[in-house]
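*Asks:* I have a structure I would like to understand better, so I am pasting it below and will then ask my questions one at a time.
The values are calculated or read from the model by the stated rules, or taken from the named source; none is laboratory data. It should be emphasised that the depicted structure is a prediction, and the values quoted were computed from it without experimental measurement. As a convention, Cβ positions derive from the backbone with ideal geometry for all residues, glycine included, and neighbour counts pool all protein chains shown. With ligands, DNA and RNA removed, areas are computed over all heavy atoms of the protein, side chains included. Shrake-Rupley method; radii C 1.70, N 1.55, O 1.52, S 1.80 Å.
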Amino acid sequence: METLVGKTLLKIIKGDITVQNTEAVVNAANSGLLGGGGVDGAIHRAGGPAILEECIKIRSSQGGCPTGQAVLTGGGNLKARYVIHTVGPIWHGGNNNEDELLRDAYLNSLTLAKKHGIRSVSFPSISTGAYRFPVGRAAGIALRTVRDFINMDKNFEEIRFILYTEQLLKEFELAWNKMEHDE
Ligand code: AR6
């Protein structure tokens, strides 16, 4: 589905984050910034070694990326010019600040994009793979955070949520409809 939020086109679609042609794609990274599985593995494979080289430099200058924060590198061989590496929370049952940290990951990614004049961004569903955050709950937080940001901010042309499976897409569409219906 796609809809206009403020001045921004919001797309919630099935797809692969590594082939998106937005100016930036977001990586669901870990604090070490040295790659991993899932989205992180796919982005580093598709983007090539230039991304890892930049991550290593960021690690040596600031010692990795804390949960909820975000850092920027180039996109290497990706279509996207930039990769925003953010670190979502590991799910520990829901009483360990997971909701706030997930919100921070989206918020800090958008803030970093804005700071660099980036006008289109693709997000994966952060924390819902290896980090086991329940998808319905994560979708609600992700959509609300992004919607509220682009409602207030006129910088973005397009934001995409790229959902890897039909099931994920359904959960995000459900969460979107619920949120719009409840308010
Ligand atoms: N495009 C879009 N979404 C994808 C893709 C893809 N190519 N591949 C997987 N997904 P995950 P996390 C979905 O595990 O939970 C890594 O090892 C996937 O179905 O990538 O934040 C990092 O290094 C899931 O719904 O990220 C960290 O250590 C979602 O993307 C850790 O995993 C996120 O799954 C981060 O875990």
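*Asks:* From the list ILE17, ILE13, which one is within 13 Å of the ligand (Cβ to nearest atom) and within 16 Å of ASN77 (Cα to Cα)?
*Replies:* On the way: ILE13 fails: within 16 Å of ASN77 (Cα to Cα).
Within the list ILE17, ILE13, the selection yields ILE17.
*Asks:* Okay, next question. Could you please let me know if GLU173 is touching a residue at least 24 places away in the same chain (Cβ under 8 Å) and of a type outside the set (Lys, Arg)?
*Replies:* Values: touching a residue at least 24 places away in the same chain (Cβ under 8 Å): yes; of a type outside the set (Lys, Arg): yes.
In short, yes.
*Asks:* Taking the condition of being within 12 Å of the ligand (Cβ to nearest atom) and not β-branched (Val, Ile, Thr), how many residues in the stretch 107-135 meet it?
*Replies:* 11
*Asks:* Would you be able to tell me the number of residues in the stretch 49-96 that are of a type in the set (Phe, Trp, Tyr) and in contact with a helix residue (DSSP H, G or I) (Cβ under 7 Å, 6 or more places away or on another chain)? Lay out the reasoning, then the answer.
*Replies:* Residues of the stretch 49-96 of a type in the set (Phe, Trp, Tyr): 82, 91.
In the following step, the residues that additionally are in contact with a helix residue (DSSP H, G or I) (Cβ under 7 Å, 6 or more places away or on another chain) were identified as 91.
Final tally of qualifying residues: 1.
*Asks:* Name the single residue, out of those in the stretch 150-170 being more than 10 Å from the ligand (Cβ to nearest atom) and either within 13 Å of THR128 (Cα to Cα) or within 14 Å of the chain's Cα centre (by Cα) (or both), that is least open to solvent (accessible area, probe 1.4 Å). Don't jump to the end; show me each part of the working.
*Replies:* Just the residues of the stretch 150-170 that are more than 10 Å from the ligand (Cβ to nearest atom), to begin with: 150-160, 166, 169-170.
When the remaining residues are screened for being either within 13 Å of THR128 (Cα to Cα) or within 14 Å of the chain's Cα centre (by Cα) (or both), the result is 158-160, 169.
Numbers: GLU158: 33, ILE159: 0, ARG160: 29, LEU169: 19 Å².
If we take residues in the stretch 150-170 being more than 10 Å from the ligand (Cβ to nearest atom) and either within 13 Å of THR128 (Cα to Cα) or within 14 Å of the chain's Cα centre (by Cα) (or both), then ILE159 is least open to solvent (accessible area, probe 1.4 Å).
*Asks:* Which one of ILE43, ILE56 is in contact with a strand residue (DSSP E or B) (Cβ under 7 Å, 6 or more places away or on another chain), within 16 Å of the ligand (Cβ to nearest atom) and among the hydrophobic types (A, V, I, L, M, F, W, C)?
*Replies:* Values: ILE56 fails: in contact with a strand residue (DSSP E or B) (Cβ under 7 Å, 6 or more places away or on another chain).
Exactly one residue qualifies, and that residue is ILE43.
*Asks:* Any chance the stretch 163-171 includes a residue that's among the charged types (D, E, K, R) and touching a helix residue (DSSP H, G or I) at 6+ places or on another chain (Cβ under 9 Å)?
*Replies:* Step one: filter the stretch 163-171 for residues among the charged types (D, E, K, R), giving 166, 170-171.
Then keep just the ones that are touching a helix residue (DSSP H, G or I) at 6+ places or on another chain (Cβ under 9 Å); that gives 171.
For the stretch 163-171, residues among the charged types (D, E, K, R) and touching a helix residue (DSSP H, G or I) at 6+ places or on another chain (Cβ under 9 Å): present.
*Asks:* Sticking with this one: Residue check: is GLU2 under 22 Å from SER120 (Cβ atoms), surrounded by fewer than 17 Cβ atoms within 10 Å (Cβ to Cβ) and either without any contact (Cβ under 8 Å) to a residue 12 or more places away in the chain or under 14 Å from the mean Cα position of the chain (by Cα) (or both)? Lay out the reasoning, then the answer.
*Replies:* Details: under 22 Å from SER120 (Cβ atoms): yes; surrounded by fewer than 17 Cβ atoms within 10 Å (Cβ to Cβ): yes; either without any contact (Cβ under 8 Å) to a residue 12 or more places away in the chain or under 14 Å from the mean Cα position of the chain (by Cα) (or both): yes.
In short, yes.
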